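Report on one structure; see the data block that follows.
Values quoted throughout were computed directly from the atomic coordinates according to the rules given, and no laboratory measurement underlies them. From a predicted model like this one, the values you see are computed outputs, not experimental measurements.
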Amino acid sequence: MSENNSRKKKSRYEKAGFYTALSICLIAVTMAVYSTYNTISGKEPTEQSTTAAAEVNNRMTGVTETVAPTTVPKLTEEMTIPTLSATIPQYTEPDEQDTTKSALQTMLSTDLTLGYPLNQKNIIREYSEKTVYYKSLNVWKSHLGVDFAGELGDEVTAMTGGAVIRVADDKMYGKTVEIATDNAVVIYSGLNGITIKEGDSVENGSKIGVMGAVPCEVHDKNHIHIAVKIDGQYADPLSFISNGE
């Protein structure tokens, strides 16, 4: 009789052990599946799942285990993409002309009479304070002078007598001579074979050189560029050329 009771108790323990082992296996499988799901979905294990596993272990072993809260750091990455900006400079017409004095006032402020610089009296571009197109430069700008056409090597003569104050090679206008008389300066550009030098005195009609080229106007016909300044202000050269000359 006691042997039968012993066998029944043993059978109950075996069944309890079997179900306990089965429960542990199921819990382990469940946790493995949950952990795999979190890994695939990019989620970190939570504090609740760790605590639940500890409670199951406490029930099975009878040993109380305290699990400290675990904080899983989250990696964050911030990237700042710089914004590139470019400012394209626009061509600005230089402030070449002081408009405080009218053209008439400028003309009346001097007693200047000019002759033609070439035997030919062929004008291909007149004075203009309004912008005109420069094909060679591909820009629009004022044309503060008069272009007299001719052939390369044609003799260029002084339009008035005066003192030579400047002889230079200008990047824009080529070889240039400036002759001053009273409050006026006559500027001859596009020369070659210049026969005078700074400090010389010249008479009206005397040779100062021959026709060369104007770099900033090379797409135009052969010509020289004549400009006039009265008290430092540009004026139309044709305003001072006598019809009888």
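Starting from the Cα gyration tensor of segment 122-174, multiply each eigenvalue by 5, take the square root, and state the resulting semi-axes largest first in whole Å.
Over the Cα atoms of segment 122-174, the ellipsoid semi-axes are 23, 15, 13 Å.
Please tell me which of these pairs span more than 22 angstrom C-alpha to C-alpha: K121/K221; K135/K221; K135/K207?
K135/K207
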